[in-house]
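S.K.: This is the structure, below, for whatever I ask next.
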Amino acid sequence: KASFDKANRTSIRSYRGVGMEKGLQMLADVRSKWGLQLLTDIHESWQAAPVGEVVDVIQIPAFLCRQTDLLVAAAKTGRTVNIKKAQFLSGEDMRYPYEKASDAGAADVWLTDRDMLRIAPTVVMDCTHSVQRPGAAGGKTGGNREFVPAMALAAKAFGANGYFFEVHPDPDHALSDGPNMLNLNDLEGVVKSLL
């Protein structure tokens, strides 16, 4: 997963990304070079079609998970739609965004949660964002990355279908979400513990 634009930053001075044109080219290069399946998020309906040409999964950010036009546009690409659960919604209320995307023709619909609720056939646990501390870093999000491995194991115990990790080779210098990111060197050990 990589984002070309992080449009929901806490501060207007926070780094947002490289933009859609350059970001999609970078994602296409990753696919071409390594053959990886790709996921990125969108923030506006008009972004769905061009993003769907490049990635396998279109992610709907948590704060936008109820936006009907955004969900429908993502679904109409024929790609899998991953909807992140908003903190302001109950687990039960995530059935409505799920239905919007499913009824609009999404190839598949995933729900990514921070709370380990089984509310859809495919539930992905967001192991790194679940340890976030919004606003704890003076206009930026703080976090407790040391709890990420335990969060992943807890999600496994609850029957998660997948795991979402933000990973960086140097989280303390990441431009976004560093305090809750898993260090790249630690990823293999966490994945092995889940297998």
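The values are calculated or read from the model by the stated rules, or taken from the named source; none is laboratory data. Fair warning: this is a prediction, and the values are worked out from it, not measured in the lab. All Cβ positions, glycine included, derive from the backbone under ideal geometry; neighbour counts span all protein chains shown. To get the accessible areas, we keep the full protein, side chains included, count just its heavy atoms, and leave off ligands, DNA and RNA. Shrake-Rupley method; radii C 1.70, N 1.55, O 1.52, S 1.80 Å.
S.K.: Would you mind getting the accessible area per residue of the stretch 63-175, heavy atoms of the protein chains only, 1.4 Å probe, in Å²?
M.R.: Accessible area per residue, the stretch 63-175: 49 Å².
S.K.: Would you pull out the residues with amide H under 5 Å of residue 59's amide H, same chain only if 5 or more places away, H placed 1.01 Å from N?
M.R.: 40, 41, 42, 82
S.K.: Here is a follow-up. Tally the DSSP beta bridges in the chain and give the antiparallel ones as a percent, rounded to 5.
M.R.: 10 percent
S.K.: Using Cα-Cα distances under 8 Å and only pairs 6 or more residues apart, what relative contact order does the stretch 6-145 have, in percent?
M.R.: 17 percent
S.K.: Taking the Cα centre of the chain as origin, work out the dipole magnitude from +1 charges on Lys and Arg Cβ and -1 charges on Asp and Glu Cβ, in debye rounded to 20.
M.R.: 180 debye
S.K.: Assuming a ≥ b ≥ c are the square roots of the Cα gyration tensor eigenvalues, decide whether the chain counts as rounded (a/c under 1.5), prolate (otherwise, with a/b larger than b/c) or oblate.
M.R.: The shape class here is rounded.
S.K.: Nearest 0.05, what FRET efficiency do residue 7 and residue 32 give at R0 = 45 Å with Cβ-Cβ as r?
M.R.: 0.95
S.K.: At 7 Å along Cα-to-Cβ for each site, give me the label-to-label distance between residue 170 and residue 193 in nm.
M.R.: In this crude label model, residue 170 to residue 193 measures out at 2.6 nm.
S.K.: Another question about this same structure. For residue 95 and residue 158, what is the calculated FRET efficiency with R₀ set at 25 Å and r taken between the beta-carbons, to the nearest 0.05?
M.R.: Once rounded, the FRET efficiency stands at 0.85.
S.K.: What is the percent carbon and sulfur in the accessible area of the chain, measuring with a 1.4 Å probe over the protein chains and ignoring ligands?
M.R.: Reported share for carbon and sulfur atoms: 52 percent.
S.K.: Still on this structure, please answer the following. Quick check on the stretch 1-72: take the gyration tensor over C-alpha atoms, sort the square-rooted eigenvalues as a ≥ b ≥ c, and tell me if it's rounded (a/c under 1.5), prolate or oblate.
M.R.: oblate
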